[in-house]
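Report on the structure given below.
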Amino acid sequence: MIIDGKIVAQELRSKLKLQVQELKAKHNITPGLTVVLVGDDPASHVYVRNKIKQTTEVGMISNEIRLAEKTTEEELIELLHGLNNDDDVHGILVQLPLPKHINEQAIITSIIPEKDVDGFHAMNSGHLLNGDAEALVPCTPQGCVILAKKHLGNDLSGKHAVIVGRSNIVGKPVSLLFLQENCTVTVAHSRSTDLPALCRQADILVAAVGRPLMIKADWVKPGATVIDVGINHIEDEQGKDKLVGDVDFAEVSKVASGITPVPGGVGPMTIACLLKNTLRAAKQHL
Ligand code: GUN
């Protein structure tokens, strides 16, 4: 069975739209998201365009700030300080990756935790680690858990979640979220011994490594739930650009009980969860 992220994301956005209307009616507040894009990375431009379109569609205020590639770290930090102090801005997102001369960690730390809708600030990571309710949680990991629950039901207790990848954006936070759901969690990565054997233990397999089609059918336990976070560009037989995940969908879909496609799986959920975080930030500001 295909776990359709487009449908689940659409359902979530419809709910958010109603909540945005309610917030306006009761408190005269419209949640505002500002996205900052530095430089000319073409993939980032596509992502940002999608984020802005969907922000507006749920009735939120969306602001885009584009800066030249040569923008300095100091200039970017100064801009963020202004946004931190702007009462109409509830969420701030700086699109990654940043140009090489800018220290990403310094930028992430310059956004106040209350407006850090990416959930990347050390304060929010700490809240997530502690299981505190006030954490703004990274968007892609939230999307992974929602999709797993869509397929398996809300109770994930006792299931073995194997996460392949240990990035700060996906691997680490998603492992904490599945732990909060009472799963047994294994975090595997490129240095793990016998990765296929580890993956075969998974009831829930999350692939977030950025290696096209790495996970094959014989890595997957029959009946497992597979969540594919990978977004990789490869050339197809005709030499055309093709988007694929970290999982070999054609063969793994015959073994798994549920699997997310690429595109149309985790991707749409990431943006929907960004809007969810922005609404939360606006409510907490209130
Ligand atoms: N670039 C790729 N994914 C993300 C994300 O989730 N947030 C930000 N800010 N940049 C990204």
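Where the only charges are on Cβ atoms (+1 Lys, Arg; -1 Asp, Glu), what is the dipole of the chain about its Cα centre, to the nearest 20 debye?
Dipole magnitude for the chain comes out near 800 debye.
Above 24 angstrom, tally the Cα pairs of the chain and express them as a % of all pairs, no decimals.
Considering the chain, 52 percent of its Cα-Cα pairs are separated by more than 24 Å.
Could you put Phe120, Phe249 in order of accessible surface area, largest first, with the 1.4 Å probe and the full protein assembly present?
Final ranking, largest accessible area leading: Phe249, Phe120.
Please report how far the C-alpha centroid of the range 164-232 lies from that of the range 19-53, rounded to the nearest whole angstrom.
30
Ordering Lys149, Lys17 by accessible area with a probe of 1.4 Å, largest first, what comes out?
Greatest to least solvent exposure: Lys17, Lys149.
Greater than 27 Å separation of Cα atoms is the criterion. Which listed pairs, Lys53/Lys216; Lys242/Lys276; Lys26/Lys115; Lys24/Lys150, meet it?
Beyond 27 Å between Cα atoms: Lys53/Lys216; Lys242/Lys276; Lys24/Lys150.
From the backbone phi of the range 203-215, what are the Karplus-calculated ³J(HN,Hα) couplings (6.51 cos²θ - 1.76 cosθ + 1.60, θ = phi - 60°) in whole Hz, Gly and Pro given as x?
Residue by residue, the range 203-215 yields 7, 10, 10, 10, 9, 9, 10, x, 10, x, 6, 5, 8 Hz.
Tell me, what is the per residue accessible area of the range 1-53 in Å², probe radius 1.4 Å?
That works out to 57 Å² per residue.
Tell me, what is a quarter of the convex hull surface for the C-alpha atoms of the range 53-173, in nm² with one decimal?
9.4
Over the range 109-159, with every protein chain in place, what whole percent of the accessible area is carbon and sulfur at 1.4 Å, could you tell me?
53
Return a whole-number percent for the relative contact order of the range 204-286, with Cα pairs under 8 Å and 6 or more residues apart as the contact set.
Taking the mean separation of contacting Cα pairs over the length of the range 204-286, I get 31 percent.
What is the mean projected area of the alpha carbon convex hull for the range 206-286, to one decimal in square nanometres?
For the range 206-286, averaging the hull's shadow over all directions gives 6.6 nm².
Tell me, what % of the accessible area of the range 1-100 is carbon and sulfur with a 1.4 angstrom probe?
Carbon and sulfur together cover 52 percent of it.
Quick one: how many Å² of Met123 are accessible to a 1.4 Å probe, rounded to 10?
Number for this one is 100 Å².
Per residue, how much accessible area does the range 93-239 have with a 1.4 Å probe, in Å²?
Per-residue accessible area for the range 93-239 comes out at 46 Å².
Per DSSP H run of at least 4 residues, take -39500 (n - 2.57); add these up for the chain, divide by its residues and hand me the 222 nm value, nearest 500 deg cm²/dmol.
Per the formula, -13000 deg cm²/dmol.
Among the DSSP beta bridges whose two residues both lie in the chain, what percent are antiparallel, rounded to the nearest 5?
Looking only at bridges with both residues in the chain, the antiparallel portion is about 10 percent.
The values are calculated or read from the model by the stated rules, or taken from the named source; none is laboratory data. Quantities reported herein were computed from a predicted structural model and do not represent experimental measurements. Note that each Cβ is placed from the backbone with ideal geometry, even for glycine, and that neighbours are counted across all protein chains shown. Surface accessibility is based on the protein's heavy atoms, side chains included, excluding ligands, DNA and RNA. Shrake-Rupley method; radii C 1.70, N 1.55, O 1.52, S 1.80 Å.
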